[in-house]
1. For residue 287, are the conditions met, namely being small (Gly, Ala, Ser) and part of a helix (DSSP H, G or I)?
2. Checking the conditions here, which among 338, 403 is part of a strand (DSSP E or B) and more than 15 Å from the ligand (Cβ to nearest atom)?
3. Write out, first by first residue and then by second, each pair whose Cβ atoms fall under 8 Å of each other, whose residues are 6+ apart or on separate chains, and whose first residue, in the range 463-485, is outside the structural domain of residue 447 (by TED's automatic domain parsing) and closer than 30 Å to residue 17 by Cα while the second is modelled with pLDDT under 95 and of a type in the set (A, V, I, L, M).
4. Mind checking whether some residue in the range 294-313 is in contact with a Phe, Trp or Tyr (Cβ under 8 Å, 6 or more places away or on another chain) and within 12 Å of the ligand (Cβ to nearest atom)?
5. Look at the range 314-327 and say how many of its residues are touching a Phe, Trp or Tyr at 6+ places or on another chain (Cβ under 6 Å) and within 22 Å of residue 221 (Cβ to Cβ).
6. Do any residues in the range 272-290 that are among the hydrophobic types (A, V, I, L, M, F, W, C) have Cβ atoms under 6 Å from those of residues that are surrounded by fewer than 20 Cβ atoms within 10 Å (Cβ to Cβ) and assigned to a loop (DSSP other than H, G, I, E, B), where the two are at least six apart or on different chains, and which pairs are they?
7. Say we look at the range 1-40 and pick out the residues that are free of Cβ contacts under 8 Å to residues at least 24 places away in the same chain, out of contact with any Asp or Glu (no Cβ under 8 Å at 6 or more places or on another chain) and hydrophobic (A, V, I, L, M, F, W, C); which of these is farthest from residue 264 (Cα to Cα)?
8. Do we find a residue being surrounded by 16 or more Cβ atoms within 10 Å (Cβ to Cβ), under 30 Å from residue 507 (Cβ atoms), more than 13 Å from the ligand (Cβ to nearest atom) and modelled with pLDDT of 95 or more anywhere in the range 271-278?
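The values are calculated or read from the model by the stated rules, or taken from the named source; none is laboratory data. Every value quoted in this text rests on a predicted model; they were computed, and no experiment measured them. Cβ placement follows ideal geometry from the backbone for every residue including glycine, while neighbour counts extend to all protein chains displayed.
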Amino acid sequence: MAQEDLFKKLVAHCKEYGYVFPSSEIYDGFAAVYDYGQYGVELKNNIKKYWWDSMVLLHENIVGLDSAIFMHPTTWKASGHLDAFNDPLIDNRDSKKRYRADELIEEQLEKYEGKITREAEKARKRFGDAFDEQMFLDTNPRVLAIREKYDALHDRFVKALNETDLKELGQIIADEEIACPLSGSKNWTEVRQFNLMFSTELGSTAENTSRIYLRPETAQGIFVNYLNVQKSGRMKIPFGIAQVGKAFRNEIVARQFIFRMREFEQMEMQFFVPPGTELEWFEYWKSVRIKWFRTLGFGDDKYRFHDHEKLAHYANAASDIEYLFPFGFKEVEGIHSRTDYDLGRHQEFSGKKIQYYDQETGKSYVPYVVETSIGLDRTFLHVISAAYHEEDLIKEDGSSDSRVVMKLPPFLAPIKLAVFPLTRKDGLPEKARTIVEELRFDFNCQYEEKDSIGRRYRRQDAIGTPYCITVDHQTLKDDTVTVRYRDSMEQDRVQITELKQIIKDKVDISNLLKQL
Ligand code: GAP
């Protein structure tokens with residue numbers, strides 16, 4: 001199935017099974033804003049716990065924080081967001097659609113790469129086993145001509161971005177004859193800067209109001225609390241502060257479901273280090289963070305680093321961790337070496353000394369910062385797109401069947417086990433309920449008695465429940481039940497007293513944390 005179709009099915013599945021709903025759907029939805037349903041919220045909480053525990057539980061020198069969304073307006077002047085948190089936008093006059101100029105050019109670069117890949121594929125078919133791909137890429141005249149165009153465009157693009165040269169971005173779009181994906185028209189406006197922060201007024205009377213902003217990143221709440229946490233926690237550098245919370249951006253091109261939203265959640269950790277050591281710590285956090293993803297078990301080759309070509313105004317190194325989504329490799333997390341920019345600017349704008357006194361050297365300095373910044377919603381999308389499977393099955397009688405199954409890592413699954421009485425009589429429901437009552441203190445359980453056992457299995461597969469427990473007449477005689485495993489669909493007969501351990505072994509988050 002084409003990846004695009006698969007993605008559409010995933011979005012529909014999320015709605016049908018209570019994972020994600022469009023916001024205010026009864027009013028036809030609200031662009032790029034989504035609500036998490038009964039299973040979505042559980043999955044989201046489990047992802048948060050995995051991240052939080054991996055930071056705060058596993059590191060003696062990382063502590064948590066929960067700072068407010070509203071902050072003093074000067075914060076955003078100091079951080080540079082008021083002046084520099086912009087996207088370059090361009091409108092197509094015919095389709096009236098608005099685009100990010102940088103994304104249109106990036107897509108053009110991807111088209112050149114695609115052409116090279118297609119040339120190599122054609123040649124592989126022509127030459128068969130004798131094909132030497134590297135030699136072909138290095139010498140084929142058509143490939144070399146495309147590569148030359150790619151390199152020229154790439155260099156021009158990076159220069160225009162670094163110099164924030166909007167005119168040049170518009171000229172590139174014209175020279176490359178980039179057309180509106182919707183209308184095919186090349187009738188573009190000039191490129192303009194657009195600030196991504198939402199603002200509102202604080203105060204009740206016109207004379208008494210001030211403009212405040214919804215935070216576009218949670219990080220600033222950590223920076224302005226650096227002194228509070230360091231002093232009250234008697235923290236010694238290097239140390240980190242972790243926070244999970246909402247961020248807001250007026251994204252112009254909001255698309256791909258929950259990939260790019262206007263209201264979203266970030267999980268950020270700022271790690272404070274001595275000046276001069278930041279690039280070592282940057283490499284350290286890169287390796288820690290990619291391991292966190294790989295430990296989810298979806299395949300190591302699904303992740304890669306992408307180093308930034310244009311650095312944000314605060315960074316001296318930056319790399320993204322990208323995941324292979326159904327729509328290609330895309331960023332899920334950014335790791336940034338932010339230098340002493342933020343603390344230095346807050347020191348300047350607040351007039352308060354924000355420094356660390358190193359007892360060993362007897363010197364004070366403004367700490368440098370390496371941050372890890374992961375989008376919770378984007379990680380959610382990564383997890384569900386990796387977990388979603390459509391499987392064809394052959395039944396015992398030889399007939400064919402199919403199922404949709406969410407192969408979520410068991411510790412992330414919203415419901416850990418579902419308990420079914422085989423029938424609704426003979427005391428089986430009562431017996432099944434006693435199992436739920438016993439296990440609900442340890443796991444998120446569900447009791448289901450409606451429909452055939454087969455349909456109940458399918459429903460739990462679609463939700464991603466790793467264990468289904470069936471209570472039948474034999475249970476009443478010997479206190480055994482069947483456990484059916486979601487992924488293999490195999491079944492075992494076990495004692496009720498063994499259930500807790502069997503399930504705990506697989507769903508306990510500490511087993512995962514030990515692998516980090
Ligand atoms: N404090 C640094 C910072 O905010 P960023 O690269 O702009 O860096 C970090 O954002 C992460 O936040 C991204 O890797 C992505 O996962 C998530 N994110 C950013 N914008 C988002 C949006 N509009 N919708 C959903 N997630 C977003």
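1. On the way: small (Gly, Ala, Ser): yes; part of a helix (DSSP H, G or I): yes.
The answer is yes for residue 287.
2. Only one candidate passes the filter, namely 403.
3. From residues that are outside the structural domain of residue 447 (by TED's automatic domain parsing) and closer than 30 Å to residue 17 by Cα, there are no pairs.
4. Of the residues in the range 294-313, the ones in contact with a Phe, Trp or Tyr (Cβ under 8 Å, 6 or more places away or on another chain) are 294, 302-304, 306, 313.
Subset that is within 12 Å of the ligand (Cβ to nearest atom): 306, 313.
Yes, the range 294-313 contains at least one residue that is in contact with a Phe, Trp or Tyr (Cβ under 8 Å, 6 or more places away or on another chain) and within 12 Å of the ligand (Cβ to nearest atom).
5. 1
6. 272/237; 273/238
7. Within the range 1-40, the match that is farthest from residue 264 (Cα to Cα) is 2.
8. No - not one qualifying residue is present in the range 271-278.
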